[in-house]
Amino acid sequence: MLFHKTPIKGAYIIDIEKREDERGFFARSFCQNEFSKYNLETTFVQTNISYNKKKGTLRGMHFQKHPYEEDKVLRCTNGAIFDVIVDIRKESPTYKQWFGIELSNKNQKSLYIPKGCAHGYLTLTDKADVTYMVSQFYTPKADTGLRYNDPLFGIEWPKPIKFISKKDESFPDFKEENI
């Protein structure tokens with residue numbers, strides 16, 4: 001596994017190292033020892049799957065409030081998404097900055113998202129499947145988010161947004177006291 005820093009403190013792009021032969025390839029997508037070398041979370045309590053029928057579907061920008069923050073490792077197993085994280089950790093040197101990357105079944109990349117970052121993605125293809133491991137159980141009372149088009153962050157989505165839930169569309173403008 002190859003770990004590449006992103007512009008967001010503590011977030012990493014993870015590339016697999018393929019062992020290929022005539023049958024295809026084998027690779028690790030998670031290794032406790034490798035994650036530990038980078039001081040990343042190694043205990044994940046839940047794995048989530050999201051199936052998205054149509055390109056242009058936006059999910060996000062989600063996070064769980066303290067003390068239920070989540071580390072995530074996210075991967076697109078079919079199709080393609082534009083995955084975005086926003087750093088909302090007040091003490092972070094990258095506070096209020098965002099980062100986006102295309103994840104797809106073709107590039108086989110994963111994204112490690114540290115606690116204290118809001119997360120969302122836009123599907124770039126029909127039939128996009130996303131799998132992600134999380135370090136915290138889903139806690140409905142802590143579930144909240146940022147609006148995908150909040151001008152404070154200026155996220156540059158690469159394609160038009162065609163489908164979004166009422167919940168995700170109605171998040172208010174960012175306020176520090178809402179974190």
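Counting residues in the stretch 60-75 that are among the small types (Gly, Ala, Ser) and surrounded by fewer than 20 Cβ atoms within 10 Å (Cβ to Cβ) gives zero. Before we move on, is Phe30 within 15 Å of the chain's Cα centre (by Cα), surrounded by 13 or more Cβ atoms within 10 Å (Cβ to Cβ) and in contact (Cβ under 8 Å) with a residue 24 or more places away in the chain? Answer is no for this residue. Within the stretch 72-119, restricting attention to residues that are in contact with a Leu (Cβ under 8 Å, 6 or more places away or on another chain) and among the β-branched types (Val, Ile, Thr), the residue that is nearest to Ser50 (Cα to Cα) is Ile81.
Of all residues being crowded, with 21+ Cβ neighbours inside 10 Å and within 23 Å of Lys53 (Cβ to Cβ) in the stretch 120-133, which is farthest from the chain's Cα centre (by Cα)? Just the residue, please. This residue is Ala128. When the residues of the stretch 138-179 are filtered to those that are among the small types (Gly, Ala, Ser) and outside any loop (DSSP other than H, G, I, E, B), which remaining residue is surrounded by the fewest Cβ atoms within 10 Å (Cβ to Cβ)? The selected residue is Ala142.
Computed from the coordinates by the stated procedures, all read-outs in this text should not be read as laboratory data. What you see is a predicted model, and the numbers here were worked out from it, not measured in a lab. FYI the Cβ positions are ideal-geometry reconstructions off the backbone, even for glycines, and counts take in every protein chain you see.
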